[in-house]
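Step one of this worksheet: look at the structure below.
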Amino acid sequence: MTCRGTLLVCNANNSPAHRPVDCADMLRLVSTSLCLYCQRAQVTPLLLTRPCSSIVQEENPLAINALYDLSVDISKVRKLKGWVLRQSPVYVNETATLLRDMGASGPVIARILELHPEAILCKPDQMEAQKKLWMSVCTSQKDLVGIIEKFPTSFFSSSSDHDNQKANIAYFQTLHLNKRIISKLMASAPQSFSRPMKQNKEMIQTLQMTYLDLGGKEDNMKTWLQKLLTQNPYVLLKLPEVLHDNLAFLRTVGFTGDELFRLLSKLKGYVTELNPESMRLTLNYSQETLGCTEAELRQIVLQCPALLYYSVPILADRFKGLLTAGVSMEQIMETPTVLELTMQIIQYRIQKLRSFGYDVRSGSLEVLDGTKKDFEVSYGKLHFRRERPLFNPVAPLQTED
């Protein structure tokens with residue numbers, strides 16, 4: 001018996017038409033349709049799945065056990081960087097051995113791996129190369145361990161950065177910078193050493209030329225440069241044009257070369273964090289609020305460079321707080337560095353001084369100014385002066401009969 005049926009197809013004009021088919025044709029048609037359906041079913045879920053970051057993978061038991069043996073807080077690693085525990089291969093024991101051979105204790109190794117668990121993903125040969133590189137600027141392995149403990153990200157960096165790091169170290173050594181300075185730069189601003197050396201060279205040369213143009217002495221340039229780089233290592237990441245533009249603006253508002261040199265030293269390298277527009281706004285606001293001349297404003301800025309980089313809302317809040325406490329504009333102009341203090345600090349110090357009978361409204365603001373240590377010294381002097389008994393040499397002594 002022959003099995004036959006009718007199949008609905010479309011002709012060239014896309015209009016339905018019927019033609020007879022046998023069982024073999026129908027089976028082939030069904031098989032083909034089923035295969036296409038299965039392929040579509042396999043592809044469709046891939047298009048609808050969540051991003052890879054949300055796919056839960058199993059943790060690597062080798063990594064967990066090795067970290068546990070080193071007394072690493074696994075829960076802390078899970079919370080901060082749990083993705084590391086799902087990687088393979090890992091080099092936990094090799095990383096620990098490297099640190100241990102340099103003199104790191106067990107607790108130090110555990111803290112490093114808790115702070116930067118990505119270290120276990122670095123290959124042993126990469127870590128050895130980094131150790132050799134860092135030892136060229138570290139005086140001892142003990143110093144290197146101290147750097148790794150504070151800045152593990154800087155040491156366990158990508159192998160792709162190695163050549164740039166090596167070239168930058170060689171360049172800074174030609175400047176005869178102290179080893180300690182170079183290692184501190186590498187630790188605190190690793191991005192500077194990961195980029196091409198010629199970018200750092202361009203910025204260093206710009207700083208050197210600026211120093212000399214403003215009247216600095218060449219004999220002191222190395223010391224000045226070292227101090228500036230340690231105060232703000234991120235100055236290397238700025239474009240030389242930023243420094244040129246900021247100094248050009250400050251010249252237009254009347255600062256002389258000598259004053260710019262003093263300002264550049266006081267700003268501690270943060271002159272590259274500024275921009276002409278923000279400085280213009282803060283200078284205009286400060287002059288209007290203080291009611292001073294342009295010449296007086298320049299002298300105030302030389303005493304308190306913070307006026308250049310604080311925003312107008314911050315300055316407005318601090319002026320308001322000081323005036324509310326009874327401080328006059330004349331007092332602020334005499335001690336403008338008080339504007340560097342937050343309102344919380346100012347209010348706390350005023351209350352402390354008031355408890356010893358010191359009224360900031362009639363006295364100098366110098367006692368209110370300075371770092372926490374400076375204030376404690378001033379406060380201590382007031383405390384001592386209050387408790388010290390007064391002695392009158394001409395007063396009769398009281399004696400028992």
Gain in span if fully extended, S278 to K372, counting 0.36 nm per residue against the direct Cα distance: 30.9 nm
Cross-link list K76/K373; K123/K184; K184/K266; K81/K131; K179/K268: which exceed 27 angstrom alpha carbon to alpha carbon? K76/K373
Work out Dmax and Rg for the stretch 68-222 from the C-alpha atoms and quote the Rg first, both in angstrom. 18.0, 60
Can you sort D245, D359 by 1.4 Å-probe accessible area, starting with the largest? D245, D359
If I model a spin label at K79 and Q205 as a point 7 Å from the Cα along the Cα→Cβ vector, what separation in nanometres do I get? 5.0
Histogram of C-alpha separations across the stretch 275-386, 10 Å bin width, %: 14, 47, 28, 10, 1
Not counting ligands, DNA or RNA, and with a 1.4 Å probe, what is V242's accessible surface area in Å² rounded to the nearest 10? 40
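As an exercise, use a Förster radius of 45 Å and the Cβ-Cβ distance of K227 and A325 to find the FRET efficiency, rounded to the nearest 0.05.
0.80
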Based on the alpha-carbon gyration tensor of the stretch 205-329, what equivalent-ellipsoid semi-axes (square roots of 5 times the eigenvalues) come out, in whole Å, largest first? 28, 15, 13
To the nearest 10 square angstrom, how much accessible area does Y171 have with a 1.4 angstrom probe? 20
Ranking M186, M333 from most to least accessible area with a 1.4 Å probe gives M333, M186
Can you put K201, K381 in order of accessible area, largest first, using a 1.4 Å probe? K381, K201
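The values are calculated or read from the model by the stated rules, or taken from the named source; none is laboratory data. A quick note: this is a predicted structure, and the numbers were derived from the prediction, not measured. As a convention, Cβ positions derive from the backbone with ideal geometry for all residues, glycine included, and neighbour counts pool all protein chains shown. Surface areas here come from the heavy atoms of the whole protein model, side chains and all, with no ligands, DNA or RNA. Shrake-Rupley method; radii C 1.70, N 1.55, O 1.52, S 1.80 Å.
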